[in-house]
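Asker: Before I ask anything, let me first share the structure, which is written out below as structure tokens.
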Amino acid sequence: MGMLSVICNDIDTVPLGTLPAGTYTITYLLDGGFGLPTCSPAFVPFDTLVTTFTVALPTGMDELQAGNFSLMPNPASGGKFTIGRPKHTEGDVLLLYAADGRLAQRIELHSEKETISVSLAQGLYFAGLESNGHIGALKKIVITQ
């Protein structure tokens, strides 16, 4: 016969609530449990465990804005299309990537709605809006002649 098995009824969850962004360190003092063996035989009784974690800021409007744009018409006949977006931020750039992933063209944007003409080979491209250093979701655009 081996040692007596017991069921641990200790609480192992500590609700922290909502924490502001930052780095936190929690120090746990692991209890020796009750009786022999302890409730946590993997731990030496009265061990100390230190854990550090970071709470990041939620996605901001700048990151969401970078994925919020439209390209029309699609397919873009003769390489001419209009980009529309709800808000213009100084320094916004439209990035066009070829199907192989290389950057095909970089176009600086100056207003919420602009008509753009590109001299690219016919084919499938991926467009991304770079706003405040963030590139949102890529959208497909087909360039035709």
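Asker: Using the Karplus curve 6.51 cos²θ - 1.76 cosθ + 1.60 with θ = phi - 60°, work out ³J(HN,Hα) for each residue of region 122-136 in order, rounded to whole Hz, and write x for Gly and Pro.
Answerer: 4, x, 8, 10, 10, 10, x, 9, 9, 9, 6, x, 10, 10, x
Asker: Distance between Cα centroids, region 81-108 to region 130-145: provide it in whole Å.
Answerer: With region 81-108 and region 130-145 each reduced to a Cα centre, they are spaced 5 Å.
Asker: Can you list the residues, at least 5 places off or on another chain, whose amide H is less than 5 Å from the amide H of ASP92, using H built in the peptide plane?
Answerer: Amide H neighbours of ASP92: LEU109.
Asker: Sorted by average packing, counted as other Cβ atoms within 10 angstrom per residue and highest first, what order do 83-94, 15-26, 127-138, 106-117 take?
Answerer: Numbers: 83-94: 14.9, 15-26: 8.1, 127-138: 17.2, 106-117: 12.6.
Order by mean packing, descending: 127-138, 83-94, 106-117, 15-26.
Each reported figure results from applying straightforward, stated rules to the coordinates on display, with no laboratory input. These figures come from a predicted structure and were not determined experimentally. All Cβ positions, even for glycine, are placed from backbone atoms using ideal geometry, and neighbour counts span all protein chains on display.
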